[in-house]
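Below is one structure, written out as structure tokens; comments come after it.
Read the figures in this text as sums done on the coordinates, not as results from a lab. Predicted model only: the values in this text are computed from it and were never measured. Cβ coordinates were reconstructed from backbone atoms using ideal geometry, including for glycine residues, and neighbour counts include every protein chain displayed.
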Amino acid sequence: MILLDRVTKQYGRVGTPALDRVSLHIEPKEFVIIIGASGAGKSTLLKLLTREEKPTGGKIIVGGIDYEQLKDRDIPLLRRKIGVVFQDFKLLPNKNVFENVSFALEIVGTSKSEIEHTIPKVLDIVGLKGKEKSMPSELSGGERQRVAIARAVVRQPKILMADEPTGNLDPKNAWDVIRVLEKINRYGTTVMLTTHNQEIVNKLKRRVITIKDGKVVSDRANAEYKVA
């Protein structure tokens with residue numbers, strides 16, 4: 001599903017690379033947690049996978065797509081296979097819950113009837129049934145994050161990348177979001193979660209990849225929190 005072979009990303013001509021010869025293999029339907037201090041290279045890794053950035057060296061293959069062969073015109077098609085959730089939600093404040101989620105379908109030309117059929121199912125999955133007409137300002141932080149997750153998965157991506165999705169949330173709302181990610185993973189979506197939350201890492205007991213100074217320093221199954 002996701003393969004990185006000795007991937008390096010250098011910003012500018014001098015200094016330490018943001019990523020330094022990173023090799024990873026993530027299987028379809030895996031739930032992987034990526035940890036590391038701020039500036040370790042976690043966000044750069046996600047930007048490379050969504051093709052916001054290009055690697056300086058190495059090979060990236062996602063879902064059978066070799067990024068070296070990827071043409072600019074095909075990047076939107078790639079991104080339909082990858083859902084992304086951010087720490088700060090990025091909702092449209094003047095649109096209600098239904099409209100925020102439907103926007104992801106409208107921009108790819110989905111019919112109105114299909115939108116009306118699909119969105120209630122997705123909102124039910126993320127625990128927001130009955131909130132269709134609520135505005136973002138009327139929701140809790142956890143609810144807003146679950147709207148963002150619904151928007152990210154409504155096009156049924158093969159991969160969901162969640163970049164510090166609980167960073168701004170209290171413990172209860174954080175766990176509500178994590179349970180939604182686990183549910184989506186059970187439906188067959190590969191989930192990559194970056195987090196600083198020690199409790200979440202320790203309780204989930206998933207595969208944990210630790211990045212330090214742009215290098216993978218640990219890659220262990222059923223691991224507990226340990227910043228190298």
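The one condition from (1) of a type outside the set (Gly, Ala, Ser); (2) farther than 24 Å from Ile211 by Cα; (3) touching a strand residue (DSSP E or B) at 6+ places or on another chain (Cβ under 7 Å); (4) part of a loop (DSSP other than H, G, I, E, B) that Leu78 does not meet is (4).
In summary, His25 fulfils each of the numbered conditions (1) touching a strand residue (DSSP E or B) at 6+ places or on another chain (Cβ under 8 Å); (2) crowded, with 16+ Cβ neighbours inside 10 Å with the single exception of condition (2). Within the stretch 101-148, being charged (D, E, K, R), closer than 17 Å to Val180 by Cα and either under 23 Å from the mean Cα position of the chain (by Cα) or crowded, with 21+ Cβ neighbours inside 10 Å (or both) holds for Lys121, Asp124, Lys129, Glu143, Arg144, Arg146. Among the conditions (1) part of a helix (DSSP H, G or I); (2) without any contact (Cβ under 8 Å) to a residue 40 or more places away in the chain; (3) in contact with a Phe, Trp or Tyr (Cβ under 9 Å, 6 or more places away or on another chain), Leu48 misses just one, which is (2). Just so you know, in the stretch 55-73 the residues that are assigned to a loop (DSSP other than H, G, I, E, B) and touching a residue at least 12 places away in the same chain (Cβ under 8 Å) include one that is nearest to the chain's Cα centre (by Cα), and it is Gly63.
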